[in-house]
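Derivation of every value follows stated rules applied to the coordinates shown; laboratory data play no part. Please read these numbers as outputs of a predicted model, since none were measured by experiment. No Cβ is skipped: glycine too gets one built from the backbone with ideal geometry, and neighbour counts run over all protein chains shown.
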Amino acid sequence: PHLLLGQVLSFHANPFHTDPLQAAHIETHGAVLIDQGRILATGPAVQLRPQHPQATVHDYGQALISPGFIDAHVHYPQTPIIASWGKRLIDWLNTYTFPQEARFHDPNYALDIANRYCDLTLAHGTTSFCTYTTIHPTSVDAIFTAAQTRRQRIWAGKTCMDRNAPDNLLDTPKSAYDDSKALLQKWHAQDRLSYVITPRFSPTSTPEQLHALGSLWREYPDCLMQTHLSEQLDEIAWVKDLFPQSRDYLDTYEAQGLLGERALYGHSIHLTPREIARLTEAGASLIHCPTSNAFIGSGLFDMTLAKTLRTGLATDTGGGSSFSMLRTMAAAYDIAQLRGQSLHPAQLWWLATQGSARALHADHQIGNIAPGMEADLTILDLASTPAIAQAVERAETPWQALFPTVMMGDDRAIRAVWVGGEEHRQTAP
Ligand code: GUN
Ligand code: FE
């Protein structure tokens, strides 16, 4: 067994339902006992240390021991085109994204970028993620292989598109169904890997393709389904043209069996009252992508939805402008402020850990520090730069000491990462 010492952050309740100071706790002289990939116990160091004299001690001093970050919506193939200048959604897809995704017909290139992406996530303290791929089945094999090597719990699925993209990036309703099913049978529930059924978004799928993927989901109801919803106003107008019979954007999915409790809808910014009512009824998950929504110019997510809907947090790499969930929490704070709401640091931290875990229906495995949970931990230096260190000097509470790292922290704050109960060391290139 290993005994990690530091300030330990854990959750007892949802800080969007309960007073954040009651919902989350920072044990300032805390300890976490882990063995065989799981957390066995947590509590004050003065209690746990004498009880477990045989454990190997890792003393992180004043550093924060947090649940590993969980990035609930990314496109790993877009890693090399992150921070591409000057376009809004549809032009950004056509100019930067589609040419990049076309490169993934080459399995060696796919594995190279998959390995790069997994290393970047761990360097930023992200232990789990849920990713889109490209239309190429090898892009799915690549990311599952890369994550399996590093023991990361991930979700990935073949991105399906059969219209409104270059010819070399199109599948068909039948090939999307067949390829997705074969990949699902190959990878789903292997180790810490899960398959997620992935129609990209309604503009790039015919109703026939959405229908085929809805049928697949009915055959495998324990799988998640992910897609994009109401990200940008031009996109919503386009969906209206493409689906004249649909009541709204959500209906283009709902009509084909692509709405349910295990559905994840990225962005979900410009929702109608009917859409909100149906999403709530269905118990679906919304994924907030704040750096992306600012960078691509999409809009301001309504964080009050987190009171009633499962809500996760995500970078949306590479529409998002950072790999860091700290930077993403800061963007979520900024966007809530622009809508007149000040999110508590415990709420921001919850979104990046347990909120995303709940959105992914994995909150019994990951996203918290508690007995029985899988041991995915990120250890953070809360004075990682001179700017942060001087801001922390005024702090009178643990949350005040954490907030400068939320707003100004990046990968320099990540001191160590434990994945599946083992300390991660960057693999040789
Ligand atoms: N909508 C459809 N595809 C994408 C994508 O790759 N990124 C973002 N941000 N939105 C999308
Ligand atoms: Fe996305």
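Report the charge-dipole magnitude of the chain in Debye, nearest 20, computed about the Cα centre from +1 at each Lys and Arg Cβ and -1 at each Asp and Glu Cβ.
Details: 31 positive and 43 negative charges, 52 e Å.
The dipole magnitude comes to about 240 debye.
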- Item | Sequence-distant residues sharing a close amide H with His73 (under 5 Å, placed H) | Cys130, Thr315, Asp316
- Task: Compute the Cα gyration tensor for the range 69-359, then decide on rounded, prolate or oblate, letting a ≥ b ≥ c be the square roots of its eigenvalues: rounded whenever a/c is under 1.5, prolate when a/b is larger than b/c in the other cases, and oblate in all that remain.
- Result: rounded
- Item | Helical contribution to [θ] at 222 nm, DSSP H n ≥ 4, -39,500 (n - 2.57), averaged over the chain, rounded to 500 | -10000 deg cm²/dmol
- If you project the alpha carbons of the range 255-378 onto the principal axes, what extent comes out on each, in Å, largest first? 40, 32, 27
- When Glu219, Glu275 are ordered from fewest to most other Cβ atoms inside 10 Å of their Cβ, what list results? Glu219, Glu275
- Query: By the gyration tensor of its Cα atoms, with a ≥ b ≥ c the square roots of the eigenvalues, what is the shape of the range 263-332: rounded for a/c under 1.5, prolate for a/b over b/c, or oblate?
  - Reply: prolate
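Please compute the Kirkwood hydrodynamic radius of the range 177-249 from all pairs of different C-alpha atoms, in Å with one decimal. Display every interim value, and only then the final one.
Details: mean 1/r = 0.0741 Å⁻¹.
After inverting the pairwise mean of 1/r, the radius is 13.5 Å.
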- Note on the structure: Within the set Leu111, Leu210, Leu286, GNM on the chain using Cα springs under 10 Å gives the largest fluctuation to Leu111
- Go through 43-50, 350-357 and give me the packing order, highest mean Cβ count within 10 Å leading. 350-357, 43-50
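Among Lys174/Lys240; Lys87/Lys240; Lys240/Lys307; Lys87/Lys174; Lys87/Lys307, which pairs are too far apart, with a Cα-Cα distance over 31 Å? Walk me through the numbers on the way to the answer.
Values: Lys174/Lys240 25 Å; Lys87/Lys240 22 Å; Lys240/Lys307 29 Å; Lys87/Lys174 33 Å; Lys87/Lys307 33 Å.
Over 31 Å apart, Cα to Cα: Lys87/Lys174; Lys87/Lys307.
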- Note on the structure: Among Ile369, Ser128, Ala83, the residue whose Cα sits farthest towards the positive end of the charge dipole of the chain, when +1 is placed on the Cβ of each Lys and Arg and -1 on the Cβ of each Asp and Glu, is Ile369
- Burial ordering of Phe98, Phe403, Phe69, fewest other beta-carbon atoms within 10 Å first: Phe98, Phe403, Phe69
- Message: Could you give the length gained by full extension between Thr28 and Ala237, i.e. 0.36 nm per residue of separation minus their alpha carbon distance, to one decimal place?
- Response: 70.1 nm
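State, to one decimal in nm², a quarter of the convex hull surface area for the C-alpha atoms of the range 105-233, i.e. the direction-averaged projected area.
Numbers: hull surface 32.7 nm².
About 8.2 nm², averaged over all directions.
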- Message: Mean-square fluctuation check for the chain, GNM, Cα pairs under 10 Å: which of Gln78, Gln51, Gln152 is largest?
- Response: Gln51
- Query: How far is it, in nm, from the label point at Asn94 to the one at Thr18 when both lie 7 Å from their Cα along the line to the Cβ?
  - Reply: 5.1
- Message: Test of understanding: in a Gaussian network model of the chain with alpha carbons linked when under 10 Å, which of Tyr249, Tyr117, Tyr220 would top the mean-square fluctuation ranking?
- Response: Tyr220
- So, relative contact order of the chain in percent, Cα under 8 Å, 6 or more apart, is 20
